[in-house]
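One structure is given below, encoded as structure tokens.
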Amino acid sequence: PQIALYSDAFWTAYRAWIAFIDGTLREQGFADYTIEVFDEPQADKVSQEVFNRAMVEAHAAVPSVRLTVTSGVPHFFKDGQAFVDDWTFYAGSPKSTFAQAKPWIAAKAGRTTSVYSCGTSMRQELYRYYRVLPWKTFLVGADFVSLYQFAEQNPGFDFRQSPSGGVIYDA
């Protein structure tokens, strides 16, 4: 049987999943961690109500969990900011995004901010990604920079295939 999206059963399963992640990480010795709830949410696909509820339900399952959202647009700042502990901003336009988010960031002590960049090409432009990104992070005053890596895994799940052999960008 399939669980209907955003039904009571869905939220029950979601809380159980968050609690499971917490238990697994704590068993492995991780007491301080952050869960990314949304990766680049789009306003036309995720309503503000669902966005907020996902945060509330995660905190209901594990009150001490830190929650983050990775996003290039500030759409959810205004009505969802009370629920997010940390925010990771897209490096494409961090100055304008930070300007809109600054009052929200300052409103809650202990929040952290980060700047990230990612690409869908196996041939990531390394100058922009590794050399310029830390400077953009510094210029906007974020707490840390987020660098990601791509390593060849299961060919059925990778969005790109390297023409010959595996490729890895260590972050």
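Condition check ((1) free of Cβ contacts under 8 Å to residues at least 24 places away in the same chain; (2) open to solvent by less than 60 Å² (accessible area, probe 1.4 Å)) across all residues:
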{"site": "Tyr6", "(1), (2)": "no, no"}
{"site": "Glu27", "(1), (2)": "yes, no"}
{"site": "Asp44", "(1), (2)": "yes, no"}
{"site": "His59", "(1), (2)": "no, yes"}
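Can you tell me which of Asp86, Asp22, Asp79 is out of contact with any helix residue (DSSP H, G or I) (no Cβ under 7 Å at 6 or more places or on another chain) and either modelled with pLDDT under 95 or open to solvent by 70 Å² or more (accessible area, probe 1.4 Å) (or both)?
Only one candidate qualifies: Asp86.
Of the residues Trp17, Trp11, which single one is open to solvent by 30 Å² or more (accessible area, probe 1.4 Å) and at pLDDT 95 or above?
Matching residue, one of Trp17, Trp11: Trp17.
The rows are residues; the columns are (1) of a type in the set (Phe, Trp, Tyr); (2) over 15 Å from the mean Cα position of the chain (by Cα).
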site: Gln2; (1), (2): no, yes
site: Tyr6; (1), (2): yes, yes
site: Ala13; (1), (2): no, yes
site: Trp17; (1), (2): yes, yes
site: Ile21; (1), (2): no, yes
site: Leu25; (1), (2): no, yes
site: Ile35; (1), (2): no, no
site: Pro41; (1), (2): no, no
site: Lys45; (1), (2): no, yes
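For region 104-119, indicate whether the set of residues that are aliphatic (A, V, I, L, M), open to solvent by less than 60 Å² (accessible area, probe 1.4 Å) and either under 14 Å from Val145 (Cβ atoms) or modelled with pLDDT of 75 or more (or both) is non-empty.
Scanning region 104-119 turns up at least one residue that is aliphatic (A, V, I, L, M), open to solvent by less than 60 Å² (accessible area, probe 1.4 Å) and either under 14 Å from Val145 (Cβ atoms) or modelled with pLDDT of 75 or more (or both).
The values are calculated or read from the model by the stated rules, or taken from the named source; none is laboratory data. Quick caveat: nothing in here was measured; it's all calculated off a predicted structure. So basically every Cβ, Gly included, is an ideal-geometry build from the backbone, and we count neighbours across all protein chains shown. Surface areas here come from the heavy atoms of the whole protein model, side chains and all, with no ligands, DNA or RNA. Shrake-Rupley method; radii C 1.70, N 1.55, O 1.52, S 1.80 Å.
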